[in-house]
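Notes follow once the structure below has been shown.
What follows is calculated from the coordinates using simple rules that are stated; it is not laboratory data. All values derive from a computational prediction rather than experimental measurement. Because the Cβ atoms are built from the backbone with ideal geometry, glycine has one as well, and the counts that use them run over all protein chains shown.
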Amino acid sequence: MKLPDNDFLVEELVCNESFQHYCLGISLENHVLWEEWINSIPERAFDVEQAKKLVNILTIKQGSRLEQVKALKSGFKQQETLAQLLSTVPDEKSISITPHGFYKYISFAAAAVIILVSLYFIQQNYSSSKNIQVEHPLAASVFSSGQIPRKTVILPDGTVITLHQNSEIKLAKNFNPASRELWLTGEAFFEVKHDAKHPFVVHTPFNDIKVLGTSFNVKAYPHSGLIETSLIHGSVQVESKKYPGYRVLLKPDEKLSFHSAPAGKDESLKNIFRISALNRNAQTNKSEETQWIHHPMLIENEPLTVIAEKLQSWYGIEIYIADPEVKTYRYSGTFENESIIKTLEALQTAYPFEFKAEQNRIVLSK
């Protein structure tokens with residue numbers, strides 16, 4: 001297999017059948033080769049990511065994913081033809097277009113516009129999360145997962161929290177979008193709604209974690225003697241309760257491990273608060289610290305009712321479909337998102353349904 005040159009175009013990469021299989025997880029045969037090639041050109045990392053997103057987004061449609069990719073490839077060919085036509089257009093005074101020629105121009109232009117709009121959508125939609133519509137104030141201030149593997153809770157400010165097994169969060173009495181503070185026992189993944197004016201604070205037995213808007217995982221089981229904060233996106237500041245004034249600012253893909261054992265007289269705080277890189281799975285490139293929340297889901301022309309059941313079972317939150325027509329929407333694609341909200345937003349790219357978060361359930365409507 002011949003890999004692309006380093007000066008590849010995004011369109012060329014998207015139309016590469018082997019790259020499509022790599023993105024969609026259809027075959028692992030060339031997985032290692034593509035990973036090595038991508039790692040060898042870090043300066044093109046952004047373009048590679050755009051190509052990946054384009055393949056995945058534009059194949060979240062009705063019917064076969066491979067048929068959608070073939071249609072996309074055809075669209076790129078038409079775009080190239082349009083570019084050639086435009087480069088050879090004569091002076092407007094001498095243009096004479098027959099009705100047949102006019103429709104030919106229109107079809108080429110339409111194909112190009114679709115592609116350009118798709119690329120723009122990727123850059124805009126994935127740069128920031130969509131607004132989450134949250135209804136009804138919280139009826140309880142304590143949420144526990146108990147023995148179930150995962151339980152998702154959506155707070156009034158739009159923050160999505162997925163609790164691991166035997167974990168609990170307790171909200172401050174005055175918790176609201178302007179005052180965001182809670183206490184965690186156990187392990188949870190946070191997808192905090194960004195608000196520069198109102199920081200989100202997570203209290204653990206030994207540390208306080210302050211964020212503005214980000215995705216991170218906190219592991220703070222009682223009596224473990226170890227508290228871990230793993231940052232996926234954004235930035236967080238961890239402040240020590242035991243050592244006032246000591247704080248650590250984490251960067252994406254970093255983990256802070258705190259050992260609660262008392263420090264000796266000559267022991268540095270850096271040995272108690274250790275920063276390390278996240279442990280990445282060699283094959284999936286996903287962090288092992290958040291493996292418990294990731295769920296690779298391959299969908300091949302399945303109705304939304306079936307997909308909703310799968311999401312409900314994995315994330316531990318009820319999904320109610322209000323309109324019968326929405327139940328019949330069919331999808332194909334590969335999903336592996338950190339939260340149920342991200343998965344639903346990805347599905348929205350194919351059909352114009354809406355969803356509202358109501359604390360312990362999500363309602364889908366037309």
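Here are a few things to note about the model shown:
- Pairwise Cα inverse-distance average, inverted: Kirkwood Rh of region 192-253 (Å): 12.0
- Stokes-Einstein diffusion coefficient of region 297-365, Kirkwood radius over Cα pairs, 37 °C, 0.692 mPa s, in µm²/s: 274
- Distant-in-sequence amide H partners of Arg280 (H built 1.01 Å from N, under 5 Å): Glu288
- Residue pairs, from the table Lys210/Lys342; Lys170/Lys219; Lys219/Lys342; Lys193/Lys342, whose Cα atoms sit over 19 Å apart: Lys210/Lys342; Lys219/Lys342
- Its residue count N sets the reference 2.2 N^0.38 Å, and the alpha-carbon radius of gyration of region 134-287 equals 1.04 times that reference.
- Base-10 log of normalised Debye intensity for region 224-366 (one unit scatterer per alpha-carbon) at q = 0.10, 0.13, 0.22 Å⁻¹: -0.51, -0.73, -1.28
- In region 213-289, the GluC sites (Glu not before Pro) that fall in loop regions by DSSP, at most 11 other Cβ within 10 Å: Glu267
- Considering only Leu184, Tyr246, Gly146, and ranking their Cα positions along the charge dipole of region 134-287 that arises from unit charges at the beta-carbon of Lys, Arg, Asp and Glu, the one farthest toward the positive end is Tyr246.
- Each of Gln283 and Lys242 was given a label point 7 Å from its Cα along the Cα-to-Cβ line. The distance between the two points is 3.8 nm.
- Normalising the average separation of contacting C-alpha pairs (under 8 angstrom, six or more residues apart) by the number of residues puts the relative contact order of region 134-287 at 13 percent.
- Modelled FRET efficiency - R0 35 Å, Lys210 with Asn6, Cβ distances, 0.05 increments: 0.25
- In this structure, Gln291 and Tyr320 have a Cβ-Cβ separation that, at R0 = 25 Å, corresponds to a calculated FRET efficiency of about 0.30.
- For q = 0.16, 0.18, 0.31 Å⁻¹, Debye-computed log10 I/I(0) when each Cα of region 277-323 counts as one equal scatterer: -0.60, -0.69, -1.12
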